[in-house]
1. Using helices alone, I'd like the mean residue ellipticity at 222 nm for the chain: each DSSP H run of four-plus residues gives -39500 (n - 2.57), total over residue count, nearest 500.
2. Using Cα atoms only, what is the angle between the long axis of helix 70-82 and the major principal axis of the chain, expressed in degrees (0 to 90) to the nearest 10?
3. Checking a compactness column here: for the chain, what do you get for Rg(Cα) / (2.2 N^0.38 Å), N being the number of residues?
4. Which three semi-axes in whole Å describe the equivalent ellipsoid of region 56-123, each the square root of 5 times a Cα gyration tensor eigenvalue, listed largest first?
5. What is the sum of charges around residue 34, taking Lys and Arg as +1, Asp and Glu as -1, for the other residues whose C-beta is under 10 Å from the C-beta of residue 34?
6. Count charges around residue 94 for me, please; just the other residues with Cβ under 14 Å from its Cβ, Lys/Arg as +1, Asp/Glu as -1.
7. If each of residue 115 and residue 71 carries a label point 7 Å out from its Cα toward its Cβ, how far apart are those two points in nm?
8. Along the Cα→Cβ direction, 7 angstrom out, place labels at residue 106 and residue 55. What is the inter-label distance in nm?
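Taken together, the values in this text are just the output of simple stated rules run on the coordinates, not laboratory data. Source: prediction; values computed, not measured. Ideal geometry is used to build each Cβ from the backbone, glycine not excepted, and the neighbour counts take in all protein chains shown.
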Amino acid sequence: MTENDTCERYCFDEATVQRVQNSLQKQDISGMANMFKVLADETRMKVAFALCQEDELCVCDVANIIGSSLATASHHLRTLKKLNLVKYRKEGKLAFYSLEDEHVRQLIKLASTHNQELMPVGQ
């Protein structure tokens, strides 16, 4: 037996469609999609999650956490920075990264919580 998960009759609510279309036009959907594309990379998600655990981490810490070279860690951090997901500061010869703001932290934590709720018990 197959599940019929589509409408069997084509109809739509014009007012609802218009309201949502107007709302969509006011949003930077492309920017939001790019943010999720960047975070869809498993290594960058590890970096973002690590930065949720600590206020800030130096590039050396990040490289060790994700098991990569400094160059690879720096590449991922720069990619996150381009989309304003992280920020950095220099202290002498060290570069420290942190999440850009609380919105990013909430986004990562919500993704983690949602994922944990989807996992079967015992995994």
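1. Numbers: 6 runs with 73 residues, N = 123.
Helix contribution divided over all residues of the chain: -18500 deg cm²/dmol.
2. So the helix axis and the longest Cα principal axis differ by about 50 degrees.
3. That works out to 1.44 for the chain.
4. 26, 16, 10
5. The answer is +1.
6. On the way: positive: 89, 90, 93; negative: 56, 61, 91.
Here the charged neighbours net out to 0.
7. 2.8 nm
8. 2.2 nm
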